[in-house]
Amino acid sequence: MDIVALFTLGRYALLCFYNLILSLYYYAELTVETIKSKDNLLPHLSVAISKNKLLLLTDLLYNEMFDVKELICLTLVPEKEVAFRASWLMENLILRDSFRYINEIDELVLNFCRIGNKSCQRHYAKIIMHLTDGRRPKMISDKVALLNLEPVAERCFDLLIDTKTPVAVKTFCLQILFNLRLRYSWIGDMLIEQLNLMMNAGKPGIKAKCRNLISCLVAG
């Protein structure tokens, strides 16, 4: 093994060790306290947070049956970074066990249609994308079927047209519209038109998504 390979391997090992120590530190920090309300949670979301700590927070809140309504409130605060971290945490909780949070779906849909923080839009859109997927368990599908999702579709088109919308949000919005195309007949033609526009002017990542959806639409 040459010296470059040894250096690369050593660097990777150090990074893994660092992440392990960091995870143990966060675990020790979090397990000595109880987070029962947004007031307890807010200090953790008011500072920069790593993915490791976010996953540990997710475990802690899930195991303590934390009221996700309090977390949803934090996604709407004017402090953009706090709202972003709250949205990231909310996404992890809800996608871990959608059944547990089924009664909050109405509020998630309402917030998606009005939230302006673009970092939060990403996490809300990802949740809605999963909830509208036809392959979701029947209980989730039945709940979603009771909701009026036309405002969601309209919001998705607005975000697609907005040149300031991040690519990730646009990608999730395209999938949401695809998921809803059979439920609302007016979506299909508008979606194809939008896909063609984005194919001509979009970035490589979004073009790949557009090609995939166009193929699915053509195939029926």
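FYI, it's all coordinate maths here, none of it is from the lab. Nothing here was measured: the structure is a model prediction, and the numbers come from that model. So basically every Cβ, Gly included, is an ideal-geometry build from the backbone, and we count neighbours across all protein chains shown.
Just for the stretch 184-220: of the residues that are surrounded by 14 or more Cβ atoms within 10 Å (Cβ to Cβ) and small (Gly, Ala, Ser), which one is nearest to LEU174 (Cα to Cα)?
The residue in question is GLY188.
Restricting attention to the stretch 41-53, and to residues there that are within 14 Å of ALA83 (Cα to Cα) and in a helix (DSSP H, G or I), which single residue is nearest to the chain's Cα centre (by Cα)? Walk me through how you get there before you give the answer.
Step one: list which residues in the stretch 41-53 are within 14 Å of ALA83 (Cα to Cα), which gives 41-49.
When the remaining residues are screened for being in a helix (DSSP H, G or I), the result is 41-45.
Numbers: LEU41: 19, LEU42: 20, PRO43: 22, HIS44: 19, LEU45: 17 Å.
Filtering first and then ranking leaves LEU45.
For the stretch 132-144, does any single residue satisfy the condition of being touching a His at 6+ places or on another chain (Cβ under 6 Å) and assigned to a helix (DSSP H, G or I)? Before the answer, list the steps.
As a first pass, look at the stretch 132-144 and keep what is touching a His at 6+ places or on another chain (Cβ under 6 Å): none.
No.
What number of residues within the stretch 62-80 satisfy the criterion of being without any contact (Cβ under 8 Å) to a residue 24 or more places away in the chain and in a helix (DSSP H, G or I)?
1
Which one is nearest to PRO137 (Cα to Cα) among residues in the stretch 76-102 that are of a type in the set (Ser, Thr, Tyr) and touching a Lys or Arg at 6+ places or on another chain (Cβ under 9 Å)?
Quick first cut of the stretch 76-102, residues of a type in the set (Ser, Thr, Tyr) only: 87, 98, 101.
The next check asks that each one be touching a Lys or Arg at 6+ places or on another chain (Cβ under 9 Å); those that pass are 87, 98.
Details: SER87: 23, SER98: 9 Å.
Among those that are of a type in the set (Ser, Thr, Tyr) and touching a Lys or Arg at 6+ places or on another chain (Cβ under 9 Å), it is SER98.
Among the numbered conditions (1) assigned to a helix (DSSP H, G or I); (2) without any contact (Cβ under 8 Å) to a residue 24 or more places away in the chain; (3) within 26 Å of GLN175 (Cβ to Cβ), tell me where ASP59 comes up short.
Failed condition: (3).
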